[in-house]
Amino acid sequence: MAEHGCGAIIITCIDYRFQEYINKWIGENFLPGTYDRGAFAGAAKSLDTIVEQVGISAKLHHIKKVVLINHEDCGAYGKEGRIDQHIKDLKKARQRITKQYPIFEIDTFYLKLDGTFEQDF
């Protein structure tokens, strides 16, 4: 089997309301075929799953960058869905991934209902 790879994995929530914004943002920031993409309810809230997927992407596709996108009004968070909880979870995810993969670049975002991306928590 031929070796293949990409530069990054982009992990988002599954929420349909944000896919248009996410797709547009990805199209503006990544070339086709340069990233893996994963979607899980709550995104960074699903930390064990995310770390597992980052590991698979690293092993199979030799990524060097992780992008995590949480969003406003996330049903997976329920009553805990305040921005401060999202920031806490994004920071926790960054720390855990950095500990396991210290050379990876990690970008974190909080996506608002109006399509605005706030970066790096």
For the chain, percent of DSSP beta bridges that are antiparallel (nearest 5) comes out at 15 percent
Per DSSP H run of at least 4 residues, take -39500 (n - 2.57); add these up for the chain, divide by its residues and hand me the 222 nm value, nearest 500 deg cm²/dmol. -12000 deg cm²/dmol
Given the candidates Pro32, His86, Val51, the one whose Cα lies deepest towards the positive end of the charge dipole of region 8-119, counting +1 at each Lys or Arg C-beta and -1 at each Asp or Glu C-beta, is Val51
For region 1-42, with equal point scatterers placed on the C-alpha atoms only and solvent neglected, what are the log10 I(q)/I(0) values from the Debye formula at q = 0.25 1/Å, to two decimals? -0.90
Report Rg (one decimal) and Dmax (nearest whole number) for the chain, counting Cα atoms only, units Å. 13.7, 47
Under-5 Å amide H pairs with Gly38, H placed in peptide plane, nonlocal only: Ile10, Ile11, Thr12
Report the relative contact order of the chain, percent, no decimals, based on alpha-carbon pairs under 8 angstrom and at least 6 residues apart. 29 percent
Between 0 and 90 degrees, rounded to the nearest ten: what's the tilt of helix 19-29 against the longest Cα principal axis of the chain? 50 degrees
For the chain, find the longest principal axis of its Cα atoms and tell me its angle to the long axis of helix 47-61, 0 to 90°, nearest 10. 30 degrees
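Each value in this text was obtained by applying a stated rule to the coordinates, not by laboratory testing. Being a predicted model, the structure only gives us computed values, none of them experimental. Here the Cβ is made from the backbone with ideal geometry for all residues, glycine too, and neighbour counts use every protein chain on show.
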